[in-house]
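The structure appears right after this line, and notes come after that.
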Number of protein chains: 2
Amino acid sequence: MQQKTEFRIDIEGIINIIRRRGVRSVGLQLPAGLMRQGRLISKEIQNQCNIPVIIAGKGCYGSCDIDTELLGMVDLLFHFGHSGSDRENLIFVEVRSTLDVSPAIESAIEYLEGDKIAVVTTIQHIDQLDRAKTILERAKKEIMIRMGSGDGINYPGQVLGCNASAVDPRCDEVLFIGTGLFHPGGIALICKKKVVAADPYTERVEVIDPESLIRRRWAILAGAIDADVFGVILSAKSGQYNKELADKILKAAADHKIEAHLILLDEVTEDALINLGMDVYINTACPRLVDDMEQVTLLNPDEFKKLLDLRER
Amino acid sequence: MQQKTEFRIDIEGIINIIRRRGVRSVGLQLPAGLMRQGRLISKEIQNQCNIPVIIAGKGCYGSCDIDTELLGMVDLLFHFGHSGSDRENLIFVEVRSTLDVSPAIESAIEYLEGDKIAVVTTIQHIDQLDRAKTILERAKKEIMIRMGSGDGINYPGQVLGCNASAVDPRCDEVLFIGTGLFHPGGIALICKKKVVAADPYTERVEVIDPESLIRRRWAILAGAIDADVFGVILSAKSGQYNKELADKILKAAADHKIEAHLILLDEVTEDALINLGMDVYINTACPRLVDDMEQVTLLNPDEFKKLLDLRER
């Protein structure tokens, strides 16, 4: 079964924790890419421990997104696929991809123009950074693998969608190993560096130019200059709730005589924002959500500040 | 502004409640069709009472779907568009449509074949049932408008998506006044009667045949007969959570040696179920969700019981 071989999940370790702690019910929370492992893990726990298991059915986007409802229902919640700090009844279970990243990195070499390359990846490929280093050094590159800082950052070279602190600012460019444009796009915007993204699954390479992303954000900002009604989004997600920041934005809006409304949302989707019918939204939840929007204007707090400056002129 | 004239919302009444109670923060929860009224109501409250307002941004499907997170954040939550029993910090605000239902009912007459017609509608048109009665009696129909029973049922002739108890079983057929197929489909399935649905917005009439709906459900049931892995859905919504029922289903599955997993979900969407990767789902949340699924098999508890019977044979 292909799914079993793509990921390494230490189910025996989980069973041992359950037995040692003697818990009477557990919850499982998995991100979309791992969701289908849920029933295999649930079955093992039911078979070996004979205790009830509840699987969180809704999507989950990081250690900032704990299913607090499920947490309150079970003795112990296992949160898979992200790194974080365990709490009394919450355990983070890291998951490693068993896919060899080497072919993707070989393909990436021809796109790397600079000498000093910061190499970063997400938690599931983190144990293959040494392999990446060997390949790139053979190609005469100077490799920088730095420990970042912040919640959920546990390894040198590890990045999150909202955290690119593992990228050494002295690098020429960044090699990201992983899937999708969510992470490399964030890195390019945060670090203002060229990012070469190598996908171990497809073995495809994508080059992300920070300039075009920055220009796109400026164009969106310019389009919001005459907006009338603003929605300030407060996240209901465990690690994204930031009432203080939302209140600061509401105050700045009031000071500028801008009509603004506070909105509580769990999943910040384009459909939900369209349905709310406001002109512009300011996002205090995950800073990377702004890139998911095509039909509505969603700005991050620093962009809203720029907008106020532009309106002042 | 069209939106202002389509609904009658007693904003002054809301302001009076806020003043009388002296609350220091309020939340607003609105169903999708009323969501855009949120900012108008929020603005009035901010202007007249000068207290913070938080709008619930996620969809809401009935009095069974209170945003408990928002409820915990504010002194008083106003829930719009559904009827229900007020609690200490929760007030249900009914909303009436100002649209005249007469043209839709005139159009419906030619589709009514029987003599005894049960007339039902949703809360927003409830005050126009007398008008409907007059028109139908003029067309020589005997009209039955009965008080139903259950949570959220406050008026004679009122139905919910999950509650058609206002339909008198002695009627020949049912006239439903309202929008969409969600309610009339439910009525047809629950009462096993022909339902004529008259939409006051489009003035269109739709005839729902219970036989075809029942046949569809049987076909789905037959397709699930050899399924291996079952997911039992437990709702995280305030009024849809039914752990006892879910546990009963899990026990029945275990008794029949069927692999089953308990899943906690807030929004039960087709995407979420597809992603979970099980063969069949049993739904203990809103009983009407089963009709929203095209690519996955979702059964209500009574259908699961039938399935077990079929497998026994």
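Every number here is computed from the coordinates shown, using simple stated rules; none is lab data. Since the structure is predicted, the reported quantities are computational estimates derived from the model, not experimental observations. Quick reminder, even Gly has a Cβ in these numbers, built from the backbone with ideal geometry, and neighbours come from all protein chains shown.
By the scheme Lys and Arg +1, Asp and Glu -1, what is the net charge of all other residues having a beta-carbon under 11 Å from that of A:His79? Write down the numbers at each step before the final one.
On the way: positive: A:Arg87; negative: A:Asp65, A:Asp67, A:Asp86, A:Glu94.
Around A:His79, the surrounding residues sum to -3.
Rounded to the nearest 0.05, the FRET efficiency derived from the C-beta distance between A:Ile11 and B:Lys140 at R0 = 51 Å is 0.15.
If only the Cβ of Lys and Arg carry +1 and only the Cβ of Asp and Glu carry -1, the dipole of the protein assembly as shown around its Cα centre is close to 940 debye. Note on B:Lys305 and B:Asp209: their simple-model spin labels are 2.9 nm apart, each label 7 Å out from Cα toward Cβ.
Diffusion coefficient of the protein assembly as shown by Stokes-Einstein, Kirkwood radius over Cα pairs, 20 °C, 1.002 mPa s: 78 µm²/s. When only the Cβ of Lys, Arg, Asp and Glu is charged (+1, +1, -1, -1), the dipole of the range B:213-312 relative to its Cα centre reaches about 360 debye. Of B:Arg216, B:Arg21, B:Arg288, the residue with the greatest mean-square motion in the GNM of chain B, using alpha carbon springs below 10 Å, is B:Arg21. Here, the range A:159-233 yields an orientationally averaged convex hull projection of 6.3 nm² when only Cα atoms define the hull.
Output the relative contact order of the range A:102-208, whole-number percent, from Cα pairs under 8 angstrom with separation of 6+ residues.
Values: 227 pairs, mean separation 33.1, N = 107.
Reported relative contact order: 31 percent.
Taking the charge dipole of the range A:2-95 about its Cα centre, with +1 at Lys and Arg Cβ atoms and -1 at Asp and Glu Cβ atoms, the residue from A:Gly62, A:Gln48, A:Ser25 reaching farthest to the positive side is A:Gln48. Measuring between their Cα centroids, the range A:244-282 and the range B:245-292 lie 35 Å from each other.
GNM remark for chain B: springs join alpha carbons under 10 Å apart, and the peak mean-square fluctuation among B:Ile208, B:Ile54, B:Ile177 falls on B:Ile54. The residues neighbouring A:Glu270, those whose beta-carbon lies less than 9 Å from its own, together hold a net charge of -3 under the Lys/Arg +1, Asp/Glu -1 convention.
Normalised by the number of residues in the range A:208-262, what is the relative contact order in percent for Cα pairs under 8 Å and 6+ residues apart?
Working: 35 pairs, mean separation 20.4, N = 55.
Once normalised by length, the contact order is 37 percent.
Applying a DSSP loop filter and a limit of 11 other Cβ atoms within 10 Å to the trypsin sites (Lys or Arg not before Pro) in the range A:110-160 leaves A:Lys140.
Let me know the mean shielding of B:259-271 by other chains, meaning the per-residue number of their Cβ atoms within 10 Å of its Cβ.
Numbers: counts 4, 4, 12, 9, 10, 13, 4, 7, 4, 2, 2, 0, 2.
Across the residues of B:259-271, the mean count of other-chain Cβ atoms within 10 Å is 6.
Projected label points at A:Glu88 and A:Trp218, each 7 Å from Cα along the beta carbon direction, are separated by 5.2 nanometres. Mean partner shielding of peptide A:48-57, defined as the number of other chain Cβ atoms within 10 Å of each residue Cβ, is 5. Each label was represented as a point 7 Å from its Cα along the Cα-to-Cβ direction; for B:Arg20 and B:Thr269 these points are 4.0 nm apart. Of the chymotrypsin sites (Phe, Trp or Tyr not before Pro) found in the range A:152-203, those that fall in a DSSP loop while having at most 16 other beta-carbon atoms within 10 Å are A:Tyr201.
Here the scattering of the range A:133-183 is modelled by Debye summation over its C-alpha atoms, one equal scatterer each and no solvent; at q = 0.14, 0.18, 0.27 Å⁻¹ the log10 of I(q)/I(0) is -0.38, -0.62, -1.15. About the centre of its Cα atoms, chain A shows a dipole size close to 680 debye [charges on the beta carbon of Lys, Arg (+1) and Asp, Glu (-1) only; nearest 20 debye].
Among B:8-16, B:122-130, how do they line up from the highest to the lowest mean number of other beta-carbon atoms within 10 Å? It would help to have the intermediate numbers written out before the result.
Values: B:8-16: 14.7, B:122-130: 20.0.
By packing density, highest mean first, the sequence is B:122-130, B:8-16.
Our coupling estimate for the range A:54-62, obtained by passing each phi through the Karplus curve with A = 6.51, B = -1.76, C = 1.60 and θ = phi - 60°, is 10, 9, 6, x, 7, x, 8, 10, x Hz, Gly and Pro reported as x. Inter-chain neighbour count for B:231-244: the average number of beta-carbon atoms from partner chains within 10 Å of each residue's beta-carbon is 2. Measure out, as a whole number of angstrom, how far apart the alpha-carbon centroids of the range B:7-21 and the range A:106-156 sit. Taking the Cα centre of the range A:106-156 as reference, the centre of the range B:7-21 is 59 Å away. Taking amide H atoms as placed 1.01 Å from N in the peptide plane, the amide H of B:Asn300 lies under 5 Å from those of B:Asn283, each 5 or more residues away in sequence or on another chain.
For the options A:Asn47, A:Asn154, A:Asn300, a Gaussian network treatment of chain A with springs between C-alpha atoms closer than 10 Å singles out A:Asn47 as fluctuating the most.
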